[in-house]
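Here, each number is a calculation from the coordinates, and none is a lab measurement. This is a predicted model, so every value here is computed, not measured. Don't worry about glycine lacking a Cβ; one is built from the backbone with ideal geometry, like all the others, and counts go over all protein chains shown.
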Amino acid sequence: MALPGKYCLGSVSYSILVNGFPTKPIPAKKGLRQGDPMSPYLFAIDDLLMFARAYIPSVSAIFQAFTKFSKASGLEANLHKSDVCVAGVSDTAASQIVDALGIAKGSFPFKYLGVPLTTRKLSYTDCKPLIEKTVARIKSWATKFLPYAGRLQLVRSVLFGIQLYWCQIFVMPKKNKAAVLKHYWALSMKQDRLWIKWMHTYYVKHHNFWTMQVPNGLTWSMRKFWANREVFVDFGDIDQFITHGKYSIQKMYLHLRQNATTVSWKRIICNSKASPKATFIVWLALQNRLATKERLLKWNMQIDGGCVSCQTQVETLEHLFYECIFSKRVWSSVLSKIGVDITIQTWQGEIDWEAKKSRGTKPRDKICNMAFVETIYNIWLQRNSKVFKSSIDYVDVISSRIVFLIACRCDDQMRKCLV
Ligand SMILES: [Zn+2]
């Protein structure tokens, strides 16, 4: 922990129940708090779900067993914080069960491990927490100050993680097939999990999961799950989606979206060894999504659309990164410093040449890729510096900086090509 240990966490204190009576509070000097990523490894999970048939003798038996367990272990449930949820029986039968137990009546959906549990199809309202959680992450004050690369990381790890967690539990209204298909694989492999054992014992029995009829008495989600088996069967060889003995959602996702069109320049981005922020700006540039003056004019902004470096042309993407005399000087200075001798006539020609190079695996190809990405990024930085601070660096200073940035990210083999 980065904070000095002496004062932090001073407000926390613990008390232990001994024979049902709390001891004097023990102040915590250092340690973990609830919510710390380490805490699940140290504290017992405090939420417990127990299921029983909605029938008084059944419910009473399980409740008595739990009471015995409490007496023996000293682990007591707080009945004021407990609920009984009843489904599939009449209101009268439900009330009798609730009265027999003396615990408050709960209602569906309720949240368990962050997701809503319900007995019917998830509605838009049930999914709302997912949407709200995602939007809250995007809107939080911290996100606003994140650079592009940080935002990309947020989407990749945090937001995608939340979404994936939900998709593996529910058949979402807009379903994520790749995540749901994971369950078919788990079921067919008879993985050692409680729900799979239960499914095999009660529904699959001695049948073949892939060819058997859809069993009776399934919940709506299970029915849907069962009815979609063909999707998996159509793939033929399931092994193609397995990595180190585990089903790979990513592989399945890539397989499902194979019809999407690919762009010629994808390797420039995917194989980029340049810094993430530079790669991100180039990704925007290649899709013509950078806010060049030409685009700002199209949005009816009242600005002067001229190039800030030469003042002779409209600042289009082609002009800014290639045709402008300033950019041409930067390019030729960088290329001569890394020992590349090429003559290219157009911006598109430059992209095509670089796209070809980016498929290569030789150290020199990787350097060319980094040079392309860092040069575009640095031209963009210079353009912004001119617009917002009215200052621009000398061409030689810029190209030396670009070569330095490349050298910093090189391995030994690549560095040899630079010297
Ligand atoms: Zn210009």
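What the table shows:
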| item | result |
| --- | --- |
| In Hz, Karplus ³J(HN,Hα) per residue of segment 339-349 (6.51, -1.76, 1.60; θ = phi - 60°; x = Gly, Pro) | x, 10, 10, 9, 10, 10, 8, 9, 5, 4, x |
| Mean Cβ neighbour count within 10 Å, used as a protection proxy, ranking 309-315, 145-151 highest first | 309-315, 145-151 |
| Pairs beyond 20 Å (Cα-Cα), from K133/K266; K293/K386; K190/K246; K273/K416; K177/K251; K337/K366 | K133/K266 |
| Amide H contacts of L117 (H built 1.01 Å from N, under 5 Å, at least 5 apart or other chain) | F110, K111, Y112 |
| Whole-Å distance, taken between Cα centres, linking segment 75-112 and segment 194-249 | 32 Å |
| Loop-located chymotrypsin sites (Phe, Trp or Tyr not before Pro) in segment 340-406 whose Cβ has at most 10 other Cβ within 10 Å (DSSP) | Y394 |
| Note, ³J(HN,Hα) from phi for segment 299-307, Karplus 6.51, -1.76, 1.60, rounded to Hz, x at Gly and Pro | 8, 6, 7, 7, 9, 7, x, x, 5 |
| Most positive-pole-ward Cα, W220, Q240, L75, against dipole of the chain from beta carbon charges | L75 |
| The chain, dipole about Cα centre (Lys/Arg Cβ +1, Asp/Glu Cβ -1), debye to the nearest 20 | 400 debye |
| Interchain or long-range residues, amide H under 5 Å from Q313's placed H | C307 |
| Burial order of peptide ranges 129-139, 330-340 (average beta-carbon count within 10 Å, highest first) | 330-340, 129-139 |
| Over the chain: helical MRE at 222 nm, DSSP H runs n ≥ 4 each giving -39500 (n - 2.57), nearest 500 | -14500 deg cm²/dmol |
| Distance (nanometres) between label positions extended 7 Å along Cα→Cβ at A136 and A291 | 2.9 nm |
| Unit Cα scatterers, Debye sum, the chain: log10 I(q)/I(0) for q = 0.10, 0.14 Å⁻¹ | -0.98, -1.33 |
| Sequence-distant aspartates and glutamates (8 or more away, or on other chains) whose Cα lies within less than 17 Å of K111 | D46, D47, D83, D126, E132 |
| Interchain or long-range residues, amide H under 5 Å from A77's placed H | none |
| Test item: Cα-centred dipole of segment 56-107, Lys/Arg +1 and Asp/Glu -1 on Cβ, debye | 180 debye |
| Integer Hz, Karplus 6.51/-1.76/1.60 couplings in order for segment 47-57, x for Gly and Pro | 9, 10, 10, 10, 10, 8, 4, 6, 8, 3, x |
